[in-house]
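> What follows is a structure written as structure tokens; I'll ask about it next.
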Amino acid sequence: MNAPVFQMSNVSIDIGGPRSIMQRIASGINLELHRGRTLALVGESGCGKSVTALSAMNLLSAPLRVSEGSIVLRTEDGPQDIAGLDPSGRQMRAIRGRRIAMIFQDPMTALDPVYTVGDQISEGLRRHLGLSRREAWARAVDLLRLVGIPAPEERAGHYPFQLSGGMRQRVMIAIAIACAPSVLIADEPTTALDVTVQAQILDLLRDLGERLGMATLLITHDLGVVAENADDVIVMYRGHVVEKAGVGALFDNPAHPYTRGLMASLPPADGRRVELTPIPGQVPPITEEIQGCPFAGRCPHVMPRCGERMPALQNLSPEHSVACWLYPAVAEAVA
Amino acid sequence: MLTYLARRSLLVIVTIAGVMTILFGLQKLAGDPTIFLLPPEATEAERLSLLHRLGLDRPLIVQYLSFLANAATGDIGLSWKYNEPALPIVLEAFPATILLATSALAFSILTAVPLGILAALRRDTWVDTFASGIAVIGQAMPVYWSGLLFILLFSTTLRWLPSMGGEGWLALILPAVTLGLNTMARIMRITRSSMLDVLGQDYVRTVRAKGIPEYAILFKHGLRNAAVPIVALIGLQLGGLLGGAVLIETVFSWPGVGRLAVNAVYSRDFPLVQSVALIVTVTFSLVNMFVDVLCATLNPQIRLN
Amino acid sequence: MSKKGLAGFGILLLVIVAAITAPWISPFDPNAQDIINSLAAPMAEGSEGGIHLLGTDRLGQDVMSRIIYGTRVSLTVAFGAVGVSALIGIPLGLAAGFMSRTVESLVLVATDIVLSIPFILLALVLMSVLGASLTNLIIAFAVVRWAQFARVTYSLSLELREKEYVLSCRAAGISLPRTLAVHVLPNMVGPLMVIATLELAYAILMESGLSFLGLGAPPETPSWGGMLQEGRNELDTAWWLTAAPGLAIMATAIGYNFVGDWIRDRLDPRLQGVLR
């Protein structure tokens, strides 16, 4: 496989500042994104997915910050560590929207209510590619057509409130892909949408990712979405990566008890009627200090050592790794 | 939009008619004006002839209707004190008040909006504390008192600025700043809070993710979205400014309708008071209508429905 | 409690205590004239002993004592005026919110009319017609400012009348007055308190404004606005006559505003929107 276009190595994110207690809300995150492929980041709400996504754009705002690790973007100009750039500086702005673009969860609130969608798509085009107002508008219309909006010439002149939720999310996608970025981050892109629209949006994202050769980071809490759309999967729990695998390997052989729990709470794709078992309990809040594995409190296989130390991620096979004391490979790596 | 305009205009007309009715009622409440208008030694015949001349011997309802009808044509009657049509006297003094009020408004907007934005951006820093301090004081200071203090400091002590109206452009500074202080405090508060509100919105994050520089985010998206409550407040403040002018014009001897009204009240010159009230109300109502329409235009959701 | 809230309540407590204990804490009789000591500077000694902490006015009356007695006018007018305005405005606002369309339009047009005349102008005319007295100050305020209470109560009604508990009360056949008293009014108390504090601050500013124009408190009653009016004539020679009552007015207004801010910060955010 080629070198990844985007790589987060050992990234930790802290909350808190000089005057309040520092709290680590994500630690030791490693992930790579490759051209034309989709990596899914899965976990319940509150597990650190969204801050990870924001850190990839260097969009964390105080009191959140990346405290460790590197976030490297590879372009034709060579690799660049985003984590080291000034978040509001010129270099970072030249990357945002141009190299890395992001789609947000709620299209109802993510579009500026007082500008037309054409204007909002044009804004990035004019800023990054130096297009004139007229050229940018023409491109915006093309992009609206590309994301499957009917009558794009007319729609470009509409305001967000005149569009349905699915349409708005298509507009968000058009804004994101406008400058042909190499990395696309989609943070729960379908959560706020009707079920019937969700599949269309995901198909569109997948199709665009392959056609435009973008590397996609798909953040979701829905394993069904993962199965349909991802190539690789990372499962996160309370700020830790607990399992990492190709999508086939993960679904055939889920290793971490948390992943298994998530799967047991998912209805089977073939429509069989089975008993669904939810994971008992909730994700512990970030304000709670935790020693050892954060899942220990909800885990059916909990052992004494789980409460002592968080295990590191170890390979079960070349494309499958897990962080759980249940596995000899993990235990041996420590010994 | 057209029906909205029509309904809004109708409201303006109803409001003005209502105000005129109140003023008519007050005039009747004030009792027989001839007591003030005639020398004490006047005879009963003189009194009756004056009543007749003023049209005050007619039945009340006739007086009321002719008052409204005349007011609609801009005829409020003769000023009892100057013995000439009251409305033109007011109209002559009106530009001075407009000049004072618009200068005060300009001063307050030009200082309050930047300071409010800065306070929102530098939240919880000394800038924010400074701005909220100014807002607290500006809102609680009686206008005429700040006027007196400014006169004491800038005219009497430092001798930098004139304290009386009619001495050129410099004479405008103190009254305008004094009158604008309260409005400035209010505009600043709302600018700060609506900027904070807007800058926390999801769409601002979207814009930031597009790689747009902060200044463009601030002005193109932030201020544009925060504008509706700010503009709405500015419209409402104009009433306060015109009211404040009554006091400020007295303090600074500014030759506007406010001072005219105060003097007219002292001399019980009712037609003159009514004329001032009419002019001020019409102005305020029209400006408010304009501001409402402007707010509707700023918000595409209202504009297109 | 926040620092601001504490400061606000502190100021108001001070004013209230001063008003109650005025005869005992005032260094001089507020109306006692001491012509020899006309326009004495602050800290000057009185001709019959005692220190004029804040100086004296043209008639040699002690400014400090007049400020202390002035709290009585300030409180009486503020609470009287706001109380009467609220008693008129709140029921009308409720009527507009919960009764027929006709009532709604009538009340709303009436508030529009009253609020479109600058208050001070209307109050000026009213005071000149009614004559300068504290009662008339209260009347003049209430004649106009009931509309502010009516308007806010109406906006709150719009918010509350769609609430399930209100709708279900109506559906269960509970009478309108009872629904309002038990389920609607208690939910309006917070925002109405905020408006009331703002109106209190407004009332003292306007009271002193009218007194300043000679149309407020009668001259023999020590009032802050009246003192300012006298001070204006001595502006060049006796700055304390202007500074002292102005500071008193400002501090009291700040007190009301702080208390209002404090209540506002503790409110349900959805009801806060109404207060904009």
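Quick note: the coordinates plus some simple rules give every number you see, no bench work behind them. Since we're looking at a predicted model, the values are computed, not measured. Ideal geometry is used to build each Cβ from the backbone, glycine not excepted, and the neighbour counts take in all protein chains shown.
> Here are some residues: C:Val107, C:Val152, C:Val125, C:Val144. Which one is within 14 Å of chain B (Cβ to nearest Cβ), under 15 Å from C:Met206 (Cβ atoms) and touching a residue at least 24 places away in the same chain (Cβ under 8 Å)?
Numbers: C:Val107 fails: under 15 Å from C:Met206 (Cβ atoms); C:Val152 fails: under 15 Å from C:Met206 (Cβ atoms); C:Val125 fails: touching a residue at least 24 places away in the same chain (Cβ under 8 Å).
Only one candidate qualifies: C:Val144.
> A follow-up question, please. Residues of region A:189-203 being within 14 Å of chain B (Cβ to nearest Cβ) and surrounded by 22 or more Cβ atoms within 10 Å (Cβ to Cβ), which ones?
If we filter region A:189-203 for residues that are within 14 Å of chain B (Cβ to nearest Cβ), which is where we start, we get A:189, A:191-192.
If the condition is that a residue be within 14 Å of chain B (Cβ to nearest Cβ) and surrounded by 22 or more Cβ atoms within 10 Å (Cβ to Cβ), then A:Pro189 is the only one that fits.
> Only one of these is over 21 Å from C:Leu126 (Cβ atoms) and either surrounded by 14 or more Cβ atoms within 10 Å (Cβ to Cβ) or in contact with a strand residue (DSSP E or B) (Cβ under 7 Å, 6 or more places away or on another chain) (or both): B:Leu23, B:Leu56, B:Leu11. Name it.
Working: B:Leu23 fails: over 21 Å from C:Leu126 (Cβ atoms); B:Leu56 fails: over 21 Å from C:Leu126 (Cβ atoms).
Result of the check over B:Leu23, B:Leu56, B:Leu11: B:Leu11.
> One residue is enough: does region C:182-196 have a residue meeting the conditions closer than 30 Å to C:Met64 by Cα and more than 9 Å from chain B (Cβ to nearest Cβ)?
As a first pass, look at region C:182-196 and keep what is closer than 30 Å to C:Met64 by Cα: C:196.
Still in the list and also more than 9 Å from chain B (Cβ to nearest Cβ): C:196.
Checked against the condition, which is being closer than 30 Å to C:Met64 by Cα and more than 9 Å from chain B (Cβ to nearest Cβ), region C:182-196 yields at least one hit.
> A further question follows. Spot the failing condition for C:Leu198; the list is (1) crowded, with 18+ Cβ neighbours inside 10 Å; (2) aliphatic (A, V, I, L, M); (3) not in a helix (DSSP H, G or I), and only one is missed.
(3)
> Among the strands (runs of 3 or more DSSP E) confined wholly to region A:229-335, which include 2 or more residues that are more than 20 Å from the chain's Cα centre (by Cα)? Steps first, answer last, please.
Values: elements: A:232-237, A:240-246, A:314-317, A:320-322.
Output list reads A:314-317.
> Can you name every one of the helices (runs of 4 or more DSSP H) wholly within region B:237-305 that holds 3 or more residues which are within 12 Å of chain C (Cβ to nearest Cβ)? Talk me through it step by step, then tell me what you get.
Working: elements: B:257-266, B:270-298, B:300-303.
Answer list for region B:237-305: B:257-266, B:270-298.
> Write out, first by first residue and then by second, each pair whose Cβ atoms fall under 8 Å of each other, whose residues are 6+ apart or on separate chains, and whose first residue, in region B:195-212, is closer than 28 Å to A:Ala180 by Cα while the second is of a type in the set (S, T, N, Q) and part of a loop (DSSP other than H, G, I, E, B).
Note: pairs meeting the criteria are B:Gln201/A:Thr109; B:Asp202/A:Thr109; B:Tyr203/A:Thr109.
> Within region C:144-161, how many residues turn out to be out of contact with any Ser or Thr (no Cβ under 9 Å at 6 or more places or on another chain) and either aromatic (Phe, Trp, Tyr) or within 13 Å of C:Ala81 (Cα to Cα) (or both)?
Of all residues in region C:144-161, those out of contact with any Ser or Thr (no Cβ under 9 Å at 6 or more places or on another chain) come to C:152-153, C:155-161.
From what's left, either aromatic (Phe, Trp, Tyr) or within 13 Å of C:Ala81 (Cα to Cα) (or both): none.
Adding up the residues that qualify gives 0.
> On to the next question. Tell me which residues, restricted to region C:205-235, are within 11 Å of chain B (Cβ to nearest Cβ), assigned to a loop (DSSP other than H, G, I, E, B) and touching a Leu at 6+ places or on another chain (Cβ under 8 Å).
Within region C:205-235, C:Leu213, C:Leu215, C:Glu234, C:Leu235 meet the criteria.
> Condition first: touching a helix residue (DSSP H, G or I) at 6+ places or on another chain (Cβ under 9 Å) and more than 8 Å from every other protein chain (Cβ to nearest Cβ). Now tell me which residues in region A:93-114 satisfy that. Let's see the steps before the verdict.
Filtering region A:93-114 for residues touching a helix residue (DSSP H, G or I) at 6+ places or on another chain (Cβ under 9 Å) gives A:93-98, A:100-114.
Within region A:93-114, A:Ile100, A:Ile103, A:Gln105, A:Pro107, A:Met108 meet the criteria.
> If I ask for residues that are of a type in the set (D, E, K, R) and buried (at least 24 other Cβ atoms within 10 Å of the Cβ), which ones from region B:260-293 would you list? Walk me through it before giving the result.
Let us first name the residues in region B:260-293 that are of a type in the set (D, E, K, R), namely B:268-269, B:292.
Of everything in region B:260-293, just one residue is of a type in the set (D, E, K, R) and buried (at least 24 other Cβ atoms within 10 Å of the Cβ), namely B:Asp269.
> Hey, among B:Ala232, B:Ala226, which residue is assigned to a helix (DSSP H, G or I), free of Cβ contacts under 8 Å to residues at least 40 places away in the same chain, closer than 29 Å to B:Gln139 by Cα and in contact with a helix residue (DSSP H, G or I) (Cβ under 9 Å, 6 or more places away or on another chain)?
On the way: B:Ala232 fails: free of Cβ contacts under 8 Å to residues at least 40 places away in the same chain.
Checking each option against the conditions leaves just B:Ala226.
> Out of contact with any strand residue (DSSP E or B) (no Cβ under 8 Å at 6 or more places or on another chain), surrounded by fewer than 20 Cβ atoms within 10 Å (Cβ to Cβ) and within 14 Å of another protein chain (Cβ to nearest Cβ): which single residue out of A:Gly78, A:Gly89, A:Gly46 fits that description? Please lay out each step first, then the result.
Working: A:Gly78 fails: within 14 Å of another protein chain (Cβ to nearest Cβ); A:Gly46 fails: within 14 Å of another protein chain (Cβ to nearest Cβ).
Exactly one residue qualifies, and that residue is A:Gly89.
Results for (1) surrounded by fewer than 18 Cβ atoms within 10 Å (Cβ to Cβ); (2) of a type outside the set (Gly, Ala, Ser), shown as yes or no for each residue.
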residue: B:Trp145; (1), (2): no, yes
residue: B:Leu158; (1), (2): yes, yes
residue: B:Ile173; (1), (2): yes, yes
residue: B:Ala176; (1), (2): no, no
residue: B:Ile187; (1), (2): no, yes
residue: B:Ile190; (1), (2): no, yes
residue: B:Gly200; (1), (2): yes, no
residue: B:Lys210; (1), (2): no, yes
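> Ok, one more. Could you list, in sequence order, all residues of region A:145-164 that are more than 14 Å from chain B (Cβ to nearest Cβ) and closer than 21 Å to A:Gln105 by Cα?
Within region A:145-164, A:Leu146, A:Val147, A:Gly148, A:Ile149, A:Ser164 meet the criteria.
> Moving on to the next point. Within region A:10-29, track down each residue that is part of a loop (DSSP other than H, G, I, E, B) and of a type in the set (A, V, I, L, M, F, W, C).
Our first condition is that a residue be part of a loop (DSSP other than H, G, I, E, B); within region A:10-29, this holds for A:16-22.
Scanning region A:10-29 gives A:Ile21, A:Met22.
> On to the next question. With B:Ile212, B:Ile173, B:Ile217 as the choices, which residue is away from chain C (no Cβ under 14 Å) and not in a helix (DSSP H, G or I)? I'd like the intermediate steps shown before the answer.
Working: B:Ile173 fails: not in a helix (DSSP H, G or I); B:Ile217 fails: not in a helix (DSSP H, G or I).
Every option except B:Ile212 fails the conditions.
> Is it the case that C:Gly83 is without any contact (Cβ under 8 Å) to a residue 12 or more places away in the chain, over 30 Å from B:Val257 (Cα atoms) and more than 14 Å from chain B (Cβ to nearest Cβ)?
Numbers: without any contact (Cβ under 8 Å) to a residue 12 or more places away in the chain: yes; over 30 Å from B:Val257 (Cα atoms): yes; more than 14 Å from chain B (Cβ to nearest Cβ): yes.
Judged against the criteria, C:Gly83 is a match.
> Residue by residue through region A:287-321, note down the ones that are free of Cβ contacts under 8 Å to residues at least 12 places away in the same chain and surrounded by 12 or more Cβ atoms within 10 Å (Cβ to Cβ).
Across region A:287-321, the qualifying residues are A:Ala296, A:Val302.
> Taking the conditions exactly as written (of a type in the set (A, V, I, L, M), within 22 Å of B:Arg303 (Cα to Cα) and either at the interface with another protein chain (Cβ under 8 Å from one of its Cβ atoms) or part of a helix (DSSP H, G or I) (or both)), does A:Leu125 satisfy them or not? Don't jump to the end; show me each part of the working.
Values: of a type in the set (A, V, I, L, M): yes; within 22 Å of B:Arg303 (Cα to Cα): no; either at the interface with another protein chain (Cβ under 8 Å from one of its Cβ atoms) or part of a helix (DSSP H, G or I) (or both): yes.
In short, no.
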